[in-house]
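Novice: Below is a structure I'd like to ask you about.
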Amino acid sequence: MPKAISYSKDVGARTCGACHDTVYDTWTKTPSRHGKVNCAMCHSKHGFIPKCTDCHGLPHSKFLHERFLNCLICHQDAHNPPVRQRQ
């Protein structure tokens, strides 16, 4: 009954990847820091989707956050967000 389980933060990501193979594959290949965060850190209950601001606060200006209420309008995929290349 995986849908009724609350996961501890140390549950391996492969546990989730057994059913969520497409997301797991994307997540394992991302160059972003999100690829180092275990699934259960954000998804403590099956089906729970946190808001980006739960961890990131308001990283942009107030104006930008008022104009774009959903972070995923620009960042598109929380499992593989765009990253800046450091030079």
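The values are calculated or read from the model by the stated rules, or taken from the named source; none is laboratory data. Treat the numbers as computed from the prediction; the structure is a model and nothing was measured. Cβ placement follows ideal geometry from the backbone for every residue including glycine, while neighbour counts extend to all protein chains displayed. Just the protein is used for accessible areas: all its heavy atoms, side chains included, with ligands, DNA and RNA removed. Shrake-Rupley method; radii C 1.70, N 1.55, O 1.52, S 1.80 Å.
Novice: Evaluate the following for CYS55: is it open to solvent by 60 Å² or more (accessible area, probe 1.4 Å), out of contact with any Lys or Arg (no Cβ under 6 Å at 6 or more places or on another chain) and at negative phi?
Specialist: Judged against the criteria, CYS55 is a match.
Novice: So which residues in segment 13-52 are more than 13 Å from HIS79 (Cβ to Cβ) and either open to solvent by less than 100 Å² (accessible area, probe 1.4 Å) or at pLDDT 85 or above (or both)?
Specialist: Passing the criteria: ARG14, THR15, ALA18, CYS19, ALA40, SER44, HIS46, GLY47, PHE48, LYS51.
Novice: I've got another one for you. Restricting attention to segment 61-75, does a residue exist that is under 21 Å from THR22 (Cβ atoms), open to solvent by less than 90 Å² (accessible area, probe 1.4 Å), in contact with a Leu (Cβ under 7 Å, 6 or more places away or on another chain) and modelled with pLDDT of 85 or more?
Specialist: No.
Novice: Condition check: out of contact with any strand residue (DSSP E or B) (no Cβ under 7 Å at 6 or more places or on another chain) and in contact (Cβ under 8 Å) with a residue 40 or more places away in the chain. Does PRO31 satisfy that?
Specialist: So PRO31 passes the test.
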